[in-house]
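No lab work stands behind these numbers, since they all come straight from the coordinates. For clarity, every value in this text was computed on a predicted model and none was experimentally measured. We place every Cβ from the backbone using ideal geometry, glycine too, and count neighbours over all the protein chains shown.
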């Protein structure tokens with residue numbers, strides 16, 4: 001028996017393994033295009049920031065000027081005398097402390113009106129998100145319709161209704177309409193769907209907890225970012241509310257800051273009334289300070305409340 005041996009393979013006959021890994025090639029000019037877009041976006045955002053902050057800067061600068069310097073100096077820069085503290089003192093004491101009375105009225109409308117609106121919107125939004133009942137789709141349609149209707153369109157019918165009830169020229173004519181916040185209800189509704197797991201509620205019910213106890217001890221903590229977000233919106237809306245108090249209130253005793261400062265501004269445009277222009281400007285500066293502080297203090301809740309629910 002003879003054995004036939006095949007000749008050994010030469011190195012040239014060994015199969016070569018080819019790499020199948022994809023190769024990424026950077027297109028020429030792609031990095032430069034991205035850089036140009038970033039620069040353009042930075043410029044646009046810079047212009048928007050200047051557009052938003054320039055009125056605030058103008059307000060602060062002119063609040064530091066005396067009455068004659070308001071009309072004799074450049075509006076976007078300081079003058080010789082720094083009269084901010086004197087202007088603040090005159091604003092707070094003018095006409096027997098009228099500004100402080102308006103400030104107290106505004107705080108009352110915000111605490112009772114905006115606070116009540118936030119609490120009611122949280123209760124209603126949570127109930128609509130976690131409970132099923134007949135007519136839920138109809139309620140959803142009504143809420144969306146109420147969000148689409150501007151508040152100024154309802155001001156005159158509201159005035160006629162409150163006039164029949166004898167509530168005009170009272171704080172209730174401003175507080176009661178402020179208790180309704182369709183947008184806040186809708187926001188809490190959407191937020192509660194993802195923020196409060198149904199399994200947690202079922203576990204609390206199995207442990208014997210009632211619905212109110214479950215809401216106040218468990219659900220409300222989960223709804224904290226959404227609650228604070230709605231609170232910020234309602235506080236700003238009530239603080240800046242102008243048209244409703246204007247038609248509801250006829251006595252300056254119950255004016256909020258918005259209507260009161262507009263009253264001062266109307267006096268400043270009359271003959272001999274230009275002596276209070278610096279008070280109008282300083283009062284406007286003092287009016288926006290609490291809102292700025294509220295946004296800075298609650299900023300982290302506001303941001304998380306807006307983005308929560310967008311990613312599950």
**Asked** Which order, highest average first, do 91-101, 223-233 follow once you tally other Cβ atoms within 10 Å for each residue and take the mean per peptide?
**Response** 223-233, 91-101
**Request:** First measure r as the distance between the Cβ atoms of residue 216 and residue 170, then evaluate 1/(1 + (r/R0)^6) with R0 = 45 Å and state the FRET efficiency to the nearest 0.05.
**Result:** 0.90
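Name the shape class, rounded, prolate or oblate, that the alpha-carbon gyration tensor gives for segment 46-105, where a ≥ b ≥ c are the square roots of its eigenvalues, rounded holds for a/c under 1.5, and otherwise prolate holds if a/b is larger than b/c and oblate otherwise.
oblate
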**Message:** Please give the Cα centre distance for segment 57-132 versus segment 158-215, rounded to the nearest Å.
**Reply:** 27
**Item:** Relative contact order (%) - criterion: Cα under 8 Å, at least six apart; region: segment 109-197
**Value:** 63
**Asked** Is segment 86-307 best put as rounded, prolate or oblate by its Cα gyration tensor, with a ≥ b ≥ c the root eigenvalues, rounded for a/c under 1.5, and otherwise prolate when a/b is larger than b/c, oblate when not?
**Response** prolate
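Quick one: compute the contact order of segment 86-307, relative version, from alpha carbon pairs under 8 angstrom and 6+ residues apart, as a percent.
The value is 33 percent.
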**Asked** Sorted by mean Cβ packing within 10 Å, highest first, what order do the peptides 206-213, 107-114, 165-172 take?
**Response** 107-114, 165-172, 206-213
**Asked** Packing-wise, with mean Cβ within 10 Å as the measure, how do 195-201, 132-138, 256-262 rank, highest first?
**Response** 256-262, 195-201, 132-138
